[in-house]
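Beneath this line is the structure, given in structure tokens, with notes to follow.
The values are calculated or read from the model by the stated rules, or taken from the named source; none is laboratory data. Because the structure is predicted, anything quoted here is derived from the model rather than measured. Cβ atoms come from the backbone with ideal geometry, glycine included; neighbour counts cover every protein chain shown. For the accessible areas, the whole protein counts, side chains as well, though only heavy atoms, and no ligand, DNA or RNA atoms are used. Shrake-Rupley method; radii C 1.70, N 1.55, O 1.52, S 1.80 Å.
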Amino acid sequence: MSLLRFGNLGGLVARHATRLGRVAQRAASTSSTRPAVTTFSEDEEMLREAVAAFASQQVQPLVATMDEESHMPKELIDDLFANGLLGVEMPEEWGGTNASFTSAILTIEELAKVDASVSV
């Protein structure tokens, strides 16, 4: 089937392809100035390690019981809030930690490694 059948669609596709090529070139030329998405700041790395430690020490021992009873203990929820692991991106005046989106994702990932239900 020819693109000519759709009128000027061929020209539209060509213009977008050219524009995408320019965007890719700009991204490639500036990539040396920005860190990779998988590069974490020192604070983010410390957060990741702290959440991993919390998950292994506080969540892991409860996983089997929570699964069997289909219940998360209130004490665990309180501990998650007390340690700033719930409401990570929310402003402090609302009980959150006002952290970045990346910090929230790191928190979710580390908790999910131990128990996915706790992470959300």
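Remarks
- Counting only residues that are open to solvent by 90 Å² or more (accessible area, probe 1.4 Å), part of a helix (DSSP H, G or I) and free of Cβ contacts under 8 Å to residues at least 12 places away in the same chain, region 62-89 holds 5 of them.
- Test: residue in region 34-41 that is farther than 18 Å from residue 114 by Cα, open to solvent by less than 60 Å² (accessible area, probe 1.4 Å) and at pLDDT 85 or above: yes
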